[in-house]
1. Straight-line reach from Lys219: which aspartates and glutamates have a Cα under 15 Å away, not including same-chain ones fewer than 8 places off?
2. First compute the accessible area of the range 215-260 with a 1.4 Å probe, then give the percent of it belonging to carbon and sulfur atoms.
3. Along the charge dipole of the range 167-319, which of Gly280, Ala217, Leu247 sits closest to the positive end, that is, farthest toward it, with unit charges on the beta carbon of Lys, Arg, Asp and Glu (+1, +1, -1, -1)?
4. With +1 on each Lys and Arg Cβ and -1 on each Asp and Glu Cβ, and nothing else charged, work out how big the dipole of the range 155-281 is about its Cα centre, in Debye to the nearest 20.
5. Give the cross-link partners of Lys251 among the lysines, using a straight C-alpha distance below 26 Å as the criterion and excluding same-chain residues fewer than 8 apart.
6. Just by accessible area at a 1.4 angstrom probe, what is the order of Leu17, Leu114 from largest to smallest?
7. Please calculate the 1.4 Å probe accessible area of Cys90, with all protein chains present, and give it to the nearest 10 Å².
8. Helix 215-247 versus the longest principal axis of the chain: what is the Cα-based angle in degrees, 0 to 90, to the nearest 10?
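The values are calculated or read from the model by the stated rules, or taken from the named source; none is laboratory data. Predicted, not measured: the structure shown is a model, and the values here were computed from it. Note that we place each Cβ from the backbone using ideal geometry, even for glycine, and neighbour counts take in every protein chain shown. To get the accessible areas, we keep the full protein, side chains included, count just its heavy atoms, and leave off ligands, DNA and RNA. Shrake-Rupley method; radii C 1.70, N 1.55, O 1.52, S 1.80 Å.
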Amino acid sequence: MSDVDITKPRWGTETFLSRYRHFFHLTDPLNCFKSSGQLDSAKQIVQAYKADGVLPRGGQDALWDAKYLYDSAFHPETGEKQNLIGRMSCQVPGGMIITGILLAFYKSPLEIFLGQWLNQSFNALVNFTNRSGDKPLPKCIIVAAYITATSAATGTAIGFNKIVATRAPPLIGRFVPFTAVAAANAVNIPLMRSQELREGVVITDLEGNKLGTSQIAAKKAISTVTFSRICIAAPGMLMTPVIMQHLEKQKFMKGAGKLKSCGIQTLLVGLFLLGAVPMGCALFPQRQSVTVDELEEELAAKIRERNRTLTTVYYNKGL
């Protein structure tokens, strides 16, 4: 029998580096190329270990490899195999293609709309694929978030384009897609998690015992996740335009069309996303703490009545 606890991240969650290593393996884009047989084999290894505690051939390393492969492709609550595009392991390849398109085609209203529509379609599929198994999102919320986020992103991009076209240098215009994506995230995430804003997130003590639900904690969770998502997009969407501004002055780029430019920007964004996706996910611990005094008065009173010495409680912020 082995005492390896695969219900927790391999490297812990205490430091940024430990969380980064966890998410780097979880979002590894190479997992997209694993066959169904390899995924099913990983699932069997994980389930067998949970049942009898016996390590597979290859020891702990083989067990952890199987666990991260399993987590990258199967829903954590239902255990169902997820569609490829919505998996965590598809965040880098999917994100780089879409961001490359956004950065290359951003000037005309039609280009902006089609690019942002494609981006929000990808986001909606990711959100649907990773929806809660206990309380799945109503389809009306998913549709409302999809339409509203696309409208916000398109409106922001078109509005900023009009401003920078006459008042700013060309390089600033290249940053318009990032402002649109940031605006869309600020709309999309709260809408997709509106159920938490209404009902609150579960509050627990250090041992994981449920103490109640808090809307205040839900707001904190959603704000940190929104910030993290924007941080994931920032390196590629802000640094790639600067690099392209320099590359376009080189001989090999003279007369290059939009497709060639889009291809180069897609590769650059992909390189940035390899580090930015796990970085954004690791910025804040998954399990966040909050003082009892910060919670709603009714919930705080209930907690103090149960345990007067308890001053700090916890909640899951989500991803």
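1. Cross-link targets: Glu196, Glu199, Glu294, Glu296.
2. So the carbon and sulfur contribution to the accessible surface is 67 percent.
3. Projecting each Cα onto the dipole axis, the largest value belongs to Leu247.
4. Charge dipole, the range 155-281, about its Cα centre: 720 debye, nearest 20.
5. The qualifying lysines are Lys107, Lys260.
6. Numbers: Leu17 115, Leu114 85 Å².
Putting Leu17, Leu114 in descending order of accessible area: Leu17, Leu114.
7. So the heavy atoms of Cys90 present about 20 Å² to solvent.
8. With rounding to tens, the tilt is 30 degrees.
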